[in-house]
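Participant: Please read through the structure below; I'll follow up with questions.
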Amino acid sequence: MRLITGSADQTVKLWNVQTGAQLYTFNFGSPARSVDFSVGDKLAVITTDPFMELTSAIHVKRIARDPTEQTEESELVIKGPQGRINRAVWGPLNRTIVSAGEDAVIRIWDSETGKLLREADKESGHKKTITSLTKSADGSHFLTGSLDKSAKLWDTRSLTLIKTYVTERPVNAVAMSPLLDHVVLGGGQDASAVTTTDHRAGKFEAKFFDKILQEEIGGVKGHFGPINALAFNPDGKSFSSGGEDGYVRLHHFDPDYFNIKI
Amino acid sequence: MAAEVMLMNEIEAKAASMGIDLIIDFNSIQLPRGEDCGIVSDDEDVYHDDHLEFDSGFGNVIVVDNLPVVPREKFEKLEGVIRKIYSQIGVIKEDGLWMPVDPETKKTLGYCFIEYNTPQEAELAKEKTNGYKLDRAHIFAVNMFDDFDKYMRVPDEWAPPEIKPYTPGENLQKWLTDEKARDQFVIRAGTDTEVLWNDARQSKTELVYKRTYWTESFVQWSPLGTYLATVHRQGAAVWGGANTFNRLMRYAHPQVKLIDFSPGEKFLVTYSSHEPSNPRDANRVVINIFDVRTGKVMRDFKGSADEFTIGGAGGVAGVSWPVFRWGGGKEDKYFAKLGKNMISVYETETFSLIDKKSLKVENVVDFSWSPTDLILALFVPELGGGNQPARVSLVQIPSKVELRQKNLFSVSDCKMYWQSNGEYLAVKADRYTKTKKSTYTGFELFRIKERDIPIEVLELDNKNDKIIAFAWEPKGHRFAVIHGDNPRPDISFYSMKSSHNLGRVSKLTTLKGKQANALFWSPGGRFIVLAGLKGFNGQLEFFNVDELETMATAEHFMATDIEWDPTGRYVATAVTSVHEMENGFNIWSFHGKLLYRILKDHFFQFLWRPRPPPFLSAEKEEEILKYLKKYSKKYDAEDQDVSMLLSEQDREKRRMLKEEWEKWISEWRRASEEEKLERQKLRDGEASDEEEEYEAKEVEVEEILDFSEEVLFEE
């Protein structure tokens, strides 16, 4: 079983999960920002940041079954979008790559030719940097979170905007429950407002929204710094959040959570 | 793009080639007739401004009449006297003083012309010297030279004015008849100004009217809520209507900075401050008083800022606003201004001083009208190091009879607080201790409506406590004081009419260690919000003063403004753009339940629309109270209907959203099914979409720990 990691040290590494051994290292000219395995794990999509003369780019690498046969070669490199690409993931059947980043525009690329197939509508799309993106379990829709204090739900195949969730804070991380129709948004605050926002401990919340009705259900407080990462346990019964405060918090839902009715 | 530079010879060459003679005879050019050369200005406001001074060339000249008629020998002496008087006001132009002489009698004609360098000086001279008594027989009559022209143009024949057809006005009070008895408020955020209904039942607002750039600086309601005033560069305007806001009237006042309505909405006072021509002088202040409905200027006041800043600390524009304070409630009959050693009280029949002179009060520094009666309270501080004590006086207007006075010894400063019905006056007096090193505070409480106006002195339990806030209960007999030197001060409640001690003030309770620095009574009394603004970052405590218990504590982080709605049912708290984050407002019920909140960036103002006092007679009000249960049944039923309707609407909306979602899901499922085979191929034949499933197996392991043999019986 394999793990792929991307780092600011300008490398992407493959690891063996059971043993912890490093299997392979890909080298790049700039920090690697986002990684994702394709369906079937034969390909991986990697994004790199803009750095010096290099623009940001999306790389597709073939992953060999046998790590000894792994090569550095890229199947495809897409250059183009302005600014940092914060996330790139595979579309259904690996035919497309979905990217989102600093310029707030979601793009769908052909994974074989690298051609730009679709761009999200500017009017209804995000207005500021898209910080996070997460796919549904079946890949049919995905959720993006942005510094414009909102998260949006999109159809992966047509890039139609389906839902919008509005909060009071810039969104750094998003997650979708695999079990119930809930989405979770985690965020922070504008850097300029650091000295004027409520600094009392535990005020940063992971906010839960009803996915269909777009209404806020509740929040889980605890972090005393902005939340940067959110992930659901695949069984849907717990989730974890990581924050600027240096803590990772594991939350297990009590039975009432599963009975929430608005 | 760089500007194109053309050489003169190029121009001449071009002109020559076109047959144009470049030499122009300017005298032969005929301009179109009229002030505006026949060109219509698109800045029409400028031309409708009556206060524009057209440069006639004589704007700096005044005519002084009623001078003594003197023979040649006395010319120089008279001229010297005139010159001395008028040089004090401004710089008389060289050869600017001319006293015409009758060619036959060789005596002066009794008037003279004086020319200054600027029209401002001339105006100031006219203001100051008109009515000046040279001696008993000669009182100066001073006018602007240009005024003569104006008055002489009045036609000799009187022509009756045209009668315009009657257009009925809109019902400006229509908002009071809202079926759901809602209140309105105005908010300003960014460049938008909006008037909204507070629909608390549905926990939301409803738009009445919105306009971008409606005002150029701020907005203000008139005291009875009839008009909304906006302030612009050229003056102020008021808006109102039945269902929307139309501009009802404009008031020209260039560079107006502050406005104030009279309590009955009959008059609007506007203020502006201008840089003087001589930088060492104080600013020049212009105050106009307009009739609200007709827009006519009833009176103007012009002078140096020094004349308008006696007493109170100078505020934003250098004066303590409002400069003119209105007295006697909604009648709008009198207004008064603090002056040096006097209080000038004017009446609105003629807009002149009552009895033609100001009320002389040596060293007066502050005054305050009763909110309901024609009584002025004024304060004179201590003089001569204690020889003449400070005093508070109550003076009746217009008789100027002193109703009551009290000397206050060792008082360094004082502040006056009237109760809303004019029943009580509290004077907070800061006194020096015997050593003069520190001050302690006491209250002089005047019972205005009782015979001889008895005064009671109240000191706090701990005399040395600093007083942070004081507020009378509106329409009630109680007051609240925030006092103490700790970071969390105490709050005490007193009553002027307690059950056992009818004539004496008594303390009801003291709440210790509160995070509060401001008091907000409900307009009907009985309830109060104890607020911690600024340093306390928006703490709110909703307190029931009848029961003396806290109803709720809450917080609106960084709140800057708090205002009760005029009915006392709701409280609005707001965070304005003083702070960068989380601008917007919250609406709470009177007992502290948050009903809804609206976030708006760059939030500047929140103002409830005031309501006029009820039109019902006292008897009718009593009757309604008596049968309240009967009336309220009808409204309870209505409330039920509304909430049922709401849920119905809500349910419908949700049902539709869920239906729409189901459509998406089935679409995705269909696409996914179609692609299922493809996916399998990608996974090298693995059928399952799930990530590698792991199996948890329970395995029983038997492990032999020890083996031992024990012989039981030996045969």
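The values are calculated or read from the model by the stated rules, or taken from the named source; none is laboratory data. Fair warning: this is a prediction, and the values are worked out from it, not measured in the lab. So basically every Cβ, Gly included, is an ideal-geometry build from the backbone, and we count neighbours across all protein chains shown.
Participant: Which of the strands (runs of 3 or more DSSP E) contained wholly in the stretch B:484-532 include at least 2 residues that are of a type in the set (S, T, N, Q)?
Facilitator: Of the strands (runs of 3 or more DSSP E) lying wholly inside the stretch B:484-532, those with at least 2 residues that are of a type in the set (S, T, N, Q) span B:490-495, B:506-511.
Participant: Which residue out of B:Val411, B:Val361, B:Val401 is closer than 29 Å to B:Lys330 by Cα, among the β-branched types (Val, Ile, Thr) and buried (at least 18 other Cβ atoms within 10 Å of the Cβ)?
Facilitator: None of the other options fit; the residue is B:Val361.
Participant: Next question. Has the stretch B:622-645 got any residue that is assigned to a helix (DSSP H, G or I), loosely packed, with under 11 Cβ neighbours inside 10 Å, more than 10 Å from chain A (Cβ to nearest Cβ) and at pLDDT 80 or above?
Facilitator: No, because not a single residue in the stretch B:622-645 is assigned to a helix (DSSP H, G or I), loosely packed, with under 11 Cβ neighbours inside 10 Å, more than 10 Å from chain A (Cβ to nearest Cβ) and at pLDDT 80 or above.
Participant: Kindly indicate the residue of the stretch B:317-343 that is within 16 Å of B:Val269 (Cβ to Cβ) and aliphatic (A, V, I, L, M) and also modelled with the highest pLDDT among those meeting that condition.
Facilitator: B:Ala336
Participant: Tell me, please, whether a residue that is farther than 21 Å from A:Ser34 by Cα and at pLDDT 90 or above can be found in the stretch A:196-206.
Facilitator: Within the stretch A:196-206, one or more residues are farther than 21 Å from A:Ser34 by Cα and at pLDDT 90 or above.
Participant: I'd like the full set of residues that are assigned to a loop (DSSP other than H, G, I, E, B), at negative phi and either free of Cβ contacts under 8 Å to residues at least 12 places away in the same chain or away from every other protein chain (no Cβ under 13 Å) (or both), limited to the stretch A:27-64.
Facilitator: Matches in the stretch A:27-64: A:Phe28, A:Gly29, A:Ser30, A:Pro31, A:Asp49, A:Pro50, A:Glu53, A:Thr55, A:Ser56, A:Ala64.
Participant: Out of curiosity, is B:Leu599 aliphatic (A, V, I, L, M), closer than 20 Å to B:Phe536 by Cβ and either in contact with a strand residue (DSSP E or B) (Cβ under 6 Å, 6 or more places away or on another chain) or free of Cβ contacts under 8 Å to residues at least 40 places away in the same chain (or both)?
Facilitator: Against the criterion (aliphatic (A, V, I, L, M), closer than 20 Å to B:Phe536 by Cβ and either in contact with a strand residue (DSSP E or B) (Cβ under 6 Å, 6 or more places away or on another chain) or free of Cβ contacts under 8 Å to residues at least 40 places away in the same chain (or both)), B:Leu599 does not qualify.
Participant: Quick check: is even one residue across the stretch B:435-447 part of a loop (DSSP other than H, G, I, E, B) and closer than 27 Å to B:Gly524 by Cα?
Facilitator: Checked the stretch B:435-447: no residue is part of a loop (DSSP other than H, G, I, E, B) and closer than 27 Å to B:Gly524 by Cα.
Participant: Another question, if that's okay. Across the stretch A:148-164, what is the number of residues that are away from chain B (no Cβ under 12 Å) and either out of contact with any Asp or Glu (no Cβ under 8 Å at 6 or more places or on another chain) or free of Cβ contacts under 8 Å to residues at least 40 places away in the same chain (or both)?
Facilitator: Summing the residues that are away from chain B (no Cβ under 12 Å) and either out of contact with any Asp or Glu (no Cβ under 8 Å at 6 or more places or on another chain) or free of Cβ contacts under 8 Å to residues at least 40 places away in the same chain (or both) in the stretch A:148-164 gives 5.
Participant: Among all residue pairs at least 6 apart or on different chains, which show Cβ distances below 6 Å where the first residue, located in the stretch B:380-407, is closer than 17 Å to B:Lys436 by Cβ and the second is aromatic (Phe, Trp, Tyr) and surrounded by fewer than 17 Cβ atoms within 10 Å (Cβ to Cβ)?
Facilitator: Pairs found: B:Pro389/B:Phe409.
Participant: If you don't mind, there's one more thing I want to ask. For the stretch A:78-86, indicate whether the set of residues that are surrounded by 15 or more Cβ atoms within 10 Å (Cβ to Cβ), in contact (Cβ under 8 Å) with a residue 40 or more places away in the chain, hydrophobic (A, V, I, L, M, F, W, C) and farther than 17 Å from A:Lys135 by Cα is non-empty.
Facilitator: no
Participant: A further question follows. Looking at the stretch A:77-103 only, could you name the residues that are within 24 Å of A:Ser140 (Cα to Cα), away from chain B (no Cβ under 14 Å) and assigned to a strand (DSSP E or B)?
Facilitator: Correct list: A:Ile78, A:Ile85, A:Asn86, A:Arg87, A:Ala88, A:Val89, A:Ile97, A:Val98, A:Ser99, A:Ala100, A:Gly101.
Participant: Any residue in the stretch B:163-190 that is at positive phi sitting within a Cβ distance under 7 Å of a residue that is surrounded by fewer than 17 Cβ atoms within 10 Å (Cβ to Cβ)? List the pairs, counting only those 6 or more apart or interchain.
Facilitator: If the second residue must be surrounded by fewer than 17 Cβ atoms within 10 Å (Cβ to Cβ), the pairs left are B:Gly190/B:Asp601; B:Gly190/B:His602.
Results for (1) in a strand (DSSP E or B); (2) at pLDDT 90 or above; (3) within 23 Å of B:Met496 (Cβ to Cβ); (4) of a type in the set (Lys, Arg), shown as yes or no for each residue.
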| position | (1), (2), (3), (4) |
| --- | --- |
| B:Ala377 | yes, yes, yes, no |
| B:Gly385 | no, no, no, no |
| B:Ser420 | no, yes, yes, no |
| B:Ala426 | yes, yes, yes, no |
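Participant: Give the stretch B:239-298 a look and list any residue that's in a loop (DSSP other than H, G, I, E, B), over 16 Å from the mean Cα position of the chain (by Cα) and of a type in the set (Asp, Glu), or say none.
Facilitator: B:Glu275, B:Asp281
Participant: When the residues of the stretch B:440-453 are filtered to those that are buried (at least 17 other Cβ atoms within 10 Å of the Cβ) and over 15 Å from B:Ser495 (Cα atoms), which remaining residue is farthest from the chain's Cα centre (by Cα)?
Facilitator: Selected residue: B:Tyr440.
Participant: List every residue pair whose Cβ atoms lie under 8 Å apart, where the two residues are 6 or more positions apart in sequence or sit on different chains, the first residue falls within the stretch B:495-512 and is within 18 Å of B:Arg447 (Cβ to Cβ) and charged (D, E, K, R), and the second residue, located anywhere, is exposed (fewer than 13 other Cβ atoms within 10 Å of the Cβ) and at pLDDT below 90.
Facilitator: Going by the 8 Å Cβ cut-off, the qualifying pairs are B:Lys507/B:Asp461.
Participant: Which residue pairs have Cβ atoms closer than 7 Å, lie 6 or more positions apart in sequence or on different chains, and pair a first residue in the stretch B:222-233 that is not assigned by the TED database to the domain that holds B:Val269 with a second residue that is of a type in the set (Val, Ile, Thr)?
Facilitator: Nothing qualifies.
Participant: Which residue pairs have Cβ atoms closer than 7 Å, lie 6 or more positions apart in sequence or on different chains, and pair a first residue in the stretch B:642-654 that is touching a residue at least 24 places away in the same chain (Cβ under 8 Å) with a second residue that is surrounded by 11 or more Cβ atoms within 10 Å (Cβ to Cβ)?
Facilitator: Sorted first by the residue in the stretch B:642-654, then by its partner, the pairs are B:Val642/B:Arg201; B:Leu646/B:Gln202.
Participant: Separate question: Among the residues of the stretch B:584-601, count how many are at pLDDT below 90 and either touching a Ser or Thr at 6+ places or on another chain (Cβ under 6 Å) or in the same structural domain as B:Pro223 (by the TED database) (or both).
Facilitator: 0
Participant: Further question: Go through (1) hydrophobic (A, V, I, L, M, F, W, C); (2) closer than 30 Å to B:Phe590 by Cα; (3) at pLDDT below 90 for B:Val195 and report which single condition fails.
Facilitator: Just one mismatch for B:Val195, condition (3).
Participant: Every residue in the stretch B:161-192 that is among the charged types (D, E, K, R) and surrounded by 10 or more Cβ atoms within 10 Å (Cβ to Cβ), please.
Facilitator: Matches in the stretch B:161-192: B:Glu170, B:Lys174, B:Asp178, B:Lys180, B:Arg182, B:Asp183, B:Arg188, B:Asp192.
Participant: Every residue in the stretch B:129-188 that is outside any loop (DSSP other than H, G, I, E, B) and basic (Lys, Arg), please.
Facilitator: B:Lys133, B:Lys150, B:Lys174, B:Arg188 - these are the residues of the stretch B:129-188 that are outside any loop (DSSP other than H, G, I, E, B) and basic (Lys, Arg).
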